[in-house]
Amino acid sequence: MPAPIPATAVPAHPAPLLHRWAAWSLDASLVAAVSLALVATPLAARVGVLDTALAVLLDAMLQPMLAALPGLPTPAQLLADDAIRVAVSQLASALGSVLLLPLAAFVPLFWLYASAFECRHAATPGKRALRLRVVDAQRVGPVRCRRHALRQAAGLLSWLSVNLGHLMAVLPPRHQAMHDRIAGLRVVTETDAALSRWAQAWLWLQAALVCAVLAMSIVALQARVDAALVRALG
């Protein structure tokens, strides 16, 4: 792990957005693993409810579709079906339950994790690995812990703005994201070098994992559609 930058040093370079993402995703992966471990049992039960709700919706949709052959019902006709409307509502409720549970664990844990590390070291482990540091936007010197905590809390606004708050970090001269501006801080790096090879490999691994998850989701959905067809056709 690189040695921390001295508190009196003033790194000349704002941290590029890609460097910030690589650092954040390293930290988020650690916290996400702990969060999922904490909620694994109730999450598995909620995933089962979601799977059942999806099966009910597919069954409800296939019946009018098969009845309308060789034509197809319009979306308006499908949505007018009471069974489909109820099934859609149940699926949306089950999906929200599955998504909210890990988020409810992740958000406070990440706030504590990032606030504590930045308070003590001015950087999380992910930032230290990328040679990044959170400093005062106006002066040299240590930053009070409450400002680091405020920055992390304000990060929710950057996410809720559909990431427009994060994209503000590309704007000169200080390249501050929305939550940086709220706390009066900025993220800097001691070098303007490009991402290291290991950091680039980490980003490519994330892209590969996203593609793999999408592919697995499509395969799983197709399997459930096939099962619904088997049930509908007897």
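Would you work out which of 95, 105, 141 lies farthest towards the positive end of the dipole of the chain, given +1 charges on the beta-carbon of Lys and Arg and -1 on that of Asp and Glu, about the Cα centre? It is 141. For the pair residue 193 and residue 140, a Förster radius of 30 Å applied to the C-beta separation gives a FRET efficiency near 0.85, rounded to the nearest 0.05. Taken about its Cα centre, the chain carries a charge dipole of about 1100 debye when Lys and Arg each add +1 at the Cβ and Asp and Glu each add -1 at the Cβ.
Once the piece of chain linking residue 17 and residue 38 is laid out straight, how much longer is it, given 0.36 nm per residue of separation minus the C-alpha distance between them?
Full extension from residue 17 to residue 38 adds 4.5 nm.
In the list (1) 45; (2) 54; (3) 26, the label attached to percent of Cα pairs over 29 Å apart as derived from the coordinates here is (1).
Using the Cβ-Cβ distance between residue 112 and residue 217 with R0 set to 25 Å, the FRET efficiency from 1/(1 + (r/R0)^6) comes to roughly 0.20.
Ignoring ligands, DNA and RNA, how do 211, 119 rank by accessible area with a 1.4 Å probe, largest first?
Reading off the accessible areas and sorting them downward yields 211, 119.
Of the listed residues 174, 147, the order by accessible area with a 1.4 Å probe, largest first, is 174, 147.
Here residue 218 sits with roughly 120 square angstrom of accessible surface, probe radius 1.4 Å.
Counted as membrane-span-like here are DSSP H helices of the chain whose alpha-carbon atoms extend 30 Å or more along the helix's own axis and whose Kyte-Doolittle mean is 0.5 or above; these are 17-67, 82-121, 197-233. Exposure check, 1.4 Å probe, all protein chains in place: residue 21 carries approximately 110 Å² of accessible surface.
3J(HN,Hα) along segment 68-76: 8, 4, x, x, 9, x, 6, x, 5 Hz, from the Karplus curve 6.51 cos²θ - 1.76 cosθ + 1.60 with θ = phi - 60°, whole Hz, x for Gly and Pro. Give the calculated FRET efficiency between residue 159 and residue 67 to the nearest 0.05, with a Förster radius of 30 Å applied to their Cβ-Cβ distance. Rounded to the nearest 0.05, the efficiency is 0.10.
Counting only protein heavy atoms and a probe of 1.4 Å, the accessible surface of the chain is 72% carbon and sulfur. Once all protein chains are placed together, residue 89 keeps about 70 Å² accessible to a 1.4 angstrom probe. Based on protein heavy atoms only, segment 147-187 ends up with 50 Å² per residue of surface accessible to a 1.4 Å probe.
The values are calculated or read from the model by the stated rules, or taken from the named source; none is laboratory data. This structure is a prediction, so every number in the text was calculated from the model and none was measured. All Cβ positions, even for glycine, are placed from backbone atoms using ideal geometry, and neighbour counts span all protein chains on display. Just the protein is used for accessible areas: all its heavy atoms, side chains included, with ligands, DNA and RNA removed. Shrake-Rupley method; radii C 1.70, N 1.55, O 1.52, S 1.80 Å.
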